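> Handing you this structure, nothing more for now.
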Amino acid sequence: MVGYRINKTWLDLPPDLSVQMEIYNPLFQTDYIPGSLTYPFNLPADSKLNQRELSFPGELAVSRYSKKFFSAQMYLMDQLWRVGKLNVLKKVKDYSVNFQTDIGDIESRLKEDNLRDLNLGTAPLSMQPADIYPGSLYALFPLKNPGFYDGKKETFGKYLNYYADGFPVASGIHTQTPFPYLVHVLYQVMAHYGYRIQGAWLEEESTRRLVIYNNQVPAGAPFPINRHVPDMKVNEFLRAVRSLLGLGFIFNTTAKIMQVVKLKDVLRSTAYVDWTSRAKPSYEWEPNLTNGFTLKQEPDGSDEIYKTQPSGFGTFKVGAAKEEITYPAGTLPTLFQADELNTSRQWLVPQANQKGSTLEMDIGENKFALRLLSYAGMQPDSQGNLYPQGTNAPLVWDGPDGLYNQAHKEWIEFRGTTELVEAKINFTIEDLLRLKPDLKAMIRYEDGTIKALWEKITLGINNKTGIQEAKVSLFKVPF
């Protein structure tokens, strides 16, 4: 019933193998990417095959045991169910091991790899207004940053990517920095790990306009895009994007696909699976004890611009605002103001006051945090002249088209009103193989019917007696 393979070799298992599992729904986590965990179980240590495939753990003749985990596959009824890692915990009489899968066998690499170390492609620095993705890999638009040269260049015109009927390149006055498109970076990041990305969100025009703020000047042409993204771990980058934009990332470790879903679309979906025939008549219920939320974007601590902003910049309160949710990313303030190099016009320009990085003036690398902006294309200034415009409009909380209404409102309201039901379910192998985090479950009880999203499933599988009764945490959704 349950099997494990390492290096295409089936491990020897005890005939009465019993595995306890916890399966977590990734849609309910914003600070990490969860998945499945099996509690420790034993493998026969007298098996020559197990000894060889696990690199002889606990053998005193081995000078140093360096293998702590192994890329492995877990099978149910000879069907591949999960890809992950098998951890060797200790050896007594048998080997004590466990199996973990959240992002399969790449989970540890995402934690260790730096976003800047990945191949994100290269691009020439074009001095023309850019198309939105995929017509271009980056955008150029004016951004005011008087602190870019840290006072070391008196002739600097205070703007990155200054535009006046074109991008002027007067030496000593103007500086160009590209802002990579977010979707391109996401595609390249996951391609590095052998994953494809799918989801309607990726194709939306508003998504394809999102860019990553950058304060580094290209050192050459074509320039590597990985030098123009924040210095952060890959898993931190993925978590920040997912949480800030109200998304869910669902990893299919067997097909090597990352499915991107909007949380509000999950709630709106009418699809469900009927678990009534699998459910026991008894259940546990808990009321909702939340009392409002405070949604808080993290500013970049090295950018002085935030010291000039109102104390609530990047913060949005819902109801009594008792529970704080912090998003490890943010945006820049954007102002409609006079052009300091041509005061007869006014224009909308993002604002920063942060040290940049350029080989010119021997200014070394200065770090910057993940902040997103949107490229609005060619827009008129106060005189009616077109210029490439960057804006934070889709990334600030307020307004009918703001981030709260467009990406978070329905999920936050769901979290503030849902009730917890602990159900007992007798799953079949087929149920587990078809389990989907974004698919609702319906259960008809004697005193009412619920639709819900599952948050956690705890169950055991025994190779002799089959699947044991599962305990399932469910959050009710409206019909």
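The values are calculated or read from the model by the stated rules, or taken from the named source; none is laboratory data. Everything quoted here is computed from the prediction, not taken from an experiment. Glycine also receives a Cβ, built like all others from the backbone with ideal geometry; neighbour counts cover every protein chain displayed. Each accessible area value is taken on the protein alone, full model and side chains, heavy atoms only, with ligands, DNA and RNA left out. Shrake-Rupley method; radii C 1.70, N 1.55, O 1.52, S 1.80 Å.
> Which percent, to the nearest 5, of DSSP beta bridges fully inside the chain are antiparallel? Can you show the working numbers first?
Numbers: 94 of 110 bridges.
Counting DSSP beta bridges with both partners in the chain, the antiparallel share is about 85 percent.
> If we restrict to alpha carbons, what Rg and Dmax does segment 2-101 come to, in Å?
For segment 2-101, the Cα radius of gyration and maximum Cα-Cα distance read 14.2, 46 Å.
> Here is a follow-up. Let me understand the chain better: what is its radius of gyration from the alpha carbons, and its Dmax, in angstrom?
26.3, 84
> If the limit is 28 Å between Cα atoms, which of Lys280/Lys456; Lys262/Lys317; Lys68/Lys111 go over it?
Values: Lys280/Lys456 17 Å; Lys262/Lys317 21 Å; Lys68/Lys111 16 Å.
Among Lys280/Lys456; Lys262/Lys317; Lys68/Lys111, the Cα-Cα distance tops 28 Å for no pair.
> Taking the Cα centre of the chain as origin, work out the dipole magnitude from +1 charges on Lys and Arg Cβ and -1 charges on Asp and Glu Cβ, in debye rounded to 20.
Working: 52 positive and 53 negative charges, 202 e Å.
The calculation lands at about 960 debye.
> Just to make sure I understand: if all protein chains stay in place, what is the order of Arg196, Arg415 by accessible area at 1.4 Å, largest first? Please list the in-between numbers first.
Numbers: Arg196 130, Arg415 75 Å².
Descending order: Arg196, Arg415.
> Turning to a different aspect of this structure: With θ set to phi - 60°, apply the Karplus curve 6.51 cos²θ - 1.76 cosθ + 1.60 along segment 298-306 and write out the HN-Hα couplings as whole Hz, x wherever there is a Gly or Pro.
8, x, 7, x, 8, 9, 5, 4, 6
> What ³J(HN,Hα) values, in whole Hz, does the Karplus curve 6.51 cos²θ - 1.76 cosθ + 1.60 give for segment 407-419 when θ = phi - 60°, with x put for Gly and Pro?
Karplus-based 3J(HN,Hα) across segment 407-419 equals 10, 10, 3, 5, 6, 5, 5, 4, 4, x, 10, 5, 10 Hz.
> Along each of its three principal axes, how wide is the spread of alpha-carbon positions in segment 334-438, in whole angstrom units, largest first?
Answer, in whole Å and largest first: 71, 39, 24 Å.
> Checking the cross-link filter: which aspartates and glutamates have an alpha carbon closer than 18 Å to that of Lys91, excluding same-chain neighbours under 8 positions apart?
Asp12, Asp46, Glu53, Glu59
> Could you sort Lys440, Lys456, Lys307, Lys367 by accessible area so the largest value comes first, with the probe set to 1.4 Å?
Numbers: Lys440 10, Lys456 55, Lys307 160, Lys367 130 Å².
The ranking, largest first, comes out as Lys307, Lys367, Lys456, Lys440.
> With respect to the cross-link table entries Lys256/Lys464; Lys233/Lys476; Lys296/Lys367, which display a Cα-Cα separation exceeding 23 Å?
Numbers: Lys256/Lys464 32 Å; Lys233/Lys476 35 Å; Lys296/Lys367 21 Å.
Long pairs (Cα-Cα over 23 Å): Lys256/Lys464; Lys233/Lys476.
> Using θ = phi - 60° and the Karplus relation 6.51 cos²θ - 1.76 cosθ + 1.60, list the HN-Hα couplings for segment 12-22 in order, rounded to whole Hz, with x at every Gly or Pro.
6, 10, x, x, 9, 3, 10, 10, 9, 10, 10
> Something else about it: Can you show me the helix-derived [θ] at 222 nm for the chain, built from DSSP H runs with n ≥ 4 at -39,500 (n - 2.57) apiece and divided by the number of residues, rounded to the nearest 500.
Computed ellipticity for the chain at 222 nm equals -3000 deg cm²/dmol.
> Ignoring ligands, DNA and RNA, how do Val472, Val273 rank by accessible area with a 1.4 Å probe, largest first?
Numbers: Val472 0, Val273 50 Å².
In descending accessible area the options line up as Val273, Val472.
> Looking at the square roots a ≥ b ≥ c of the eigenvalues of the Cα gyration tensor of segment 419-479, which shape do they give, rounded for a/c under 1.5, prolate if a/b is larger than b/c, or oblate? Mind showing how you got there, number by number?
Values: a/c = 2.23, a/b = 1.78, b/c = 1.25.
Prolate, since a/c reaches 1.5 and a/b exceeds b/c.
> Okay, next question. D for segment 197-291, whole µm²/s, Stokes-Einstein with Kirkwood Rh over alpha-carbon pairs at 4 °C and 1.567 mPa s: what number?
Values: Rh = 17.7 Å.
Here the translational diffusion coefficient equals 73 µm²/s.
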